[in-house]
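Below: one structure in structure tokens.
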Amino acid sequence: MHMQTAPVHDHVCWGYQRRDEFTVPAWEFLADGLAAHERVLYVAPGDPELIAAQMRAAGPFDEGLRTGAVRISSADSTYATGAVVDPAGQVELYAAATAQALAEGYTGLRVAADVTPLVRTPAQLDAFARYEHLVDHFMAAHPMSAICGYDTAELGDETVAQLACMHPEARQVPAPFHLHGHTRDGSTAALAGELDMQARPLWPLALQRARLRPAGGSIAIDATDLTFIDHRSLFDIAGYAEDNDTTVVLRTRLSTPARLLELFGLTNVRVERV
């Protein structure tokens, strides 16, 4: 069955337990990119020659591998064991790859990457979660899309959930909320899902890793797709605003946040109903 792939600018976290649970949707995602005349890049552990042979057998990649429309990068050779990604530097690399693809006549860059080796230690996880948020901002404004694979059997659902929360969308892994860069209105970030007890261990981490910074004197969050927020999560937002000496503007359809803010006297968070 063909997966429902996302259009350009999408950024999907994909959890898997068997390798084919990622390779099948990843290669279909890349095949759709070829059909849209994008350059496609597959990043995964293993020998690139063996991966190329497997891709030739599994899909329409033969011509693209010859012409350079399809590129393969081995995570084993690209990243040293235990390497901690430089979030801003990694975004710059993908920005350069996107610009190169456009200069060579492609309509954009599409990436499928099994990045499990990059989140095995706490330091790696912290840096890569920050990177996922940063690169999502880049993808929101440029013709790059990506599907990011994480081995939940090796890493555990809790670890992968921390990464899933930094994507606009997640498949095969629970993510109670999404804090990401695809906004409707030029806000600093977007927030979707539910901030409830299930989100409790994840939300403060995600907020700190996103490192949202004021623009025009405040941090605006597009929370149009937020369906629930409890008072503890509002306290976290207020604490973040206080730590950064700013005001957070929550743009939401919900009526409860404004009542909670008034009830608890939280003055550094403001609600704008949309």
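Enumerate the calculated ³J(HN,Hα) couplings along region 85-101 in order (Karplus 6.51 cos²θ - 1.76 cosθ + 1.60, θ = phi - 60°), each rounded to whole Hz, writing x wherever the residue is Gly or Pro.
Coupling constants for region 85-101: 5, 8, x, 5, x, 5, 4, 4, 4, 6, 4, 5, 5, 5, 4, 5, 4 Hz.
Arranged from highest to lowest average of other beta-carbon atoms within 10 Å per residue, in what order do the peptides 17-30, 257-270 appear?
17-30, 257-270
Now for a separate question. Using 0.36 nm per residue of separation minus the Cα-Cα distance, give me the extension gain between PHE138 and GLU158 in nm, one decimal.
Gain on extension, PHE138 to GLU158, equals 4.6 nm.
Residues in region 17-40, backbone N under 19 Å from the label point at ALA75 (7 Å along the Cα-to-beta-carbon vector): list them, ranges by number please.
17-31, 40, by backbone N distance to the label point.
So, one more: Where is the GNM fluctuation largest for the chain (alpha-carbon springs, 10 angstrom cutoff): MET166, MET197, MET144?
Result for the chain, Cα springs under 10 Å: MET197 fluctuates most.
Among GLN162, GLN54, GLN90, determine the one that fluctuates most according to a GNM of the chain built with springs between C-alpha atoms less than 10 Å apart.
Answer for the Gaussian network model of the chain: GLN54.
How much net charge surrounds ALA258 when only other residues with a Cβ under 10 Å from its Cβ are counted (Lys, Arg +1; Asp, Glu -1)?
Around ALA258, the charge tally is +1.
Which FRET efficiency, nearest 0.05, do ARG184 and ARG211 yield, Cβ-Cβ r, R0 22 Å?
The formula returns an efficiency of 0.55 here.
In sequence order, what are the phi-derived ³J(HN,Hα) couplings for region 158-165 according to the Karplus relation 6.51 cos²θ - 1.76 cosθ + 1.60 with θ = phi - 60°, rounded to whole Hz, with x for glycine and proline?
With coefficients 6.51, -1.76 and 1.60, one gets 5, 5, 5, 4, 4, 7, 4, 5 Hz.
Note the per residue figure in Å³ for the convex hull of the C-alpha positions in region 130-207.
Each residue corresponds to 92 Å³ of Cα convex hull volume.
Compute the FRET efficiency between ALA35 and ARG232 as 1/(1 + (r/R0)^6), taking r as their Cβ-Cβ distance and R0 = 51 Å, and round to the nearest 0.05.
Given R0 = 51 Å and the Cβ-Cβ separation, E is 0.65.
Which cross-chain or sequence-distant (5 or more) residues have an amide H under 5 Å from the amide H of THR107, H modelled 1.01 Å from N in plane?
GLU38, ARG39
So what's the net charge close to ARG200: Lys and Arg +1, Asp and Glu -1, counting the other residues with Cβ under 10 Å from its Cβ?
Taking every other residue near ARG200 into account, the sum is -2.
Right, here's the next one. Taking the Cβ of each residue in SER74, SER255, SER187 as the centre, tally the other Cβ atoms inside 10 Å and list the residues starting with the fewest.
Going from least to most buried by this count: SER255, SER74, SER187.
Here is a follow-up. Estimate the FRET efficiency between SER255 and ALA103 by the formula 1/(1 + (r/R0)^6), using the beta-carbon distance for r and 30 Å for R0, to the nearest 0.05.
With R0 = 30 Å, the Cβ-Cβ based efficiency is 0.05.
Once phi is turned into θ = phi - 60°, what whole-Hz ³J(HN,Hα) does the Karplus curve with 6.51, -1.76 and 1.60 give for every residue of region 53-64, x standing for Gly and Pro?
Couplings: 4, 5, 5, 4, 6, 9, x, x, 10, 4, 4, x Hz.
Between region 101-121 and region 124-167, how many Å separate their Cα centres?
Value for the Cα centre distance between the two parts: 12 Å.
Rg to Rh for region 11-175: what is it, with Cα atoms only and Rh by Kirkwood?
0.94
Give, as a single signed number, the net charge of other residues whose beta carbon lies under 12 Å from the beta carbon of VAL91, with Lys and Arg counted +1 and Asp and Glu -1.
With Lys, Arg at +1 and Asp, Glu at -1, the neighbours total -3.
Out of the DSSP beta bridges found with both residues in the chain, what percent are antiparallel (nearest 5)?
Looking only at bridges with both residues in the chain, the antiparallel portion is about 10 percent.
Take the Cα coordinates of region 189-273, assign each an equal point scatterer, and use the Debye formula without solvent to give log10 I(q)/I(0) at q = 0.24 Å⁻¹.
Debye intensities relative to I(0), on a log10 scale: -1.36.
Tell me the label-point distance for the pair THR67, ALA88, using the 7 Å Cα-to-Cβ offset, in nm and rounded to one decimal.
Modelled inter-label distance: 3.8 nm.
Hey, fewest Cβ within 10 Å first, where do SER218, SER145 land in order?
SER218, SER145
Readers should treat all values here as calculations from the given coordinates under stated rules, not as data from a laboratory. Given the structure is predicted, the values throughout are model-derived calculations rather than measurements. Neighbour counts are summed over all protein chains in view; Cβ atoms, including those assigned to glycine, are modelled from backbone coordinates with ideal geometry.
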